[in-house]
Structures are given as C-alpha cells and as structure tokens.
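Have a look at the structure below before the remarks.
Read-outs: derived from the displayed coordinates by stated rules, not from any lab. For clarity, every value in this text was computed on a predicted model and none was experimentally measured. Ideal geometry is used to build each Cβ from the backbone, glycine not excepted, and the neighbour counts take in all protein chains shown.
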Amino acid sequence: MAQKIRIRLVRSTIGALPKHRATIRSLGLRKIGSEREQEASPAILGMVKRVSHLVSVEEIN
C-alpha cells in the first residue's frame, strides 16, 4: 500500500505568486484550514515542497 500524507493550508494565498496559487489549487486546497489526503508520490511531494511556506504536512499510517 502506498504511503499517504495529509496536507493542510495554514496561510493565505493572497500575497503568493501566481504559480504558488495554482499549485495550492491543484493540490485541492481552497480555504485556510482545508485538508486533503494525497498519495505520497514524487509529483505531490514536489508540489508540497514548492508551497511548503503555506501548508503543513503530516504522514498518515
């Protein structure tokens, strides 16, 4: 079974770069406090790394 991570938006995207806003939207996050569970694939982990200053991440067992 693939490992999963929980991603939560903790900061606003108002002052963020347009690329970062698009990354947040593609992760499935909309409002502050919204969460999504995603597979820990290299693509998702790269997206999370790009917007690490806006999100918090935790592993799910």
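Rg/Rh for the chain stands at 0.95; both radii use Cα atoms, and Rh follows the Kirkwood definition.
Among the trypsin sites (Lys or Arg not before Pro) within region 1-34, those in coil by DSSP and having at most 10 neighbouring Cβ atoms inside 10 Å are K31. Contact order for the chain, expressed relative to its length and based on alpha carbon pairs under 8 Å spaced 6+ residues apart, stands at 55 percent. Each helix, a run of at least 4 DSSP H residues, gives -39500 (n - 2.57); summed and divided by the residues of the chain, these come to -8500 deg cm²/dmol at 222 nm.
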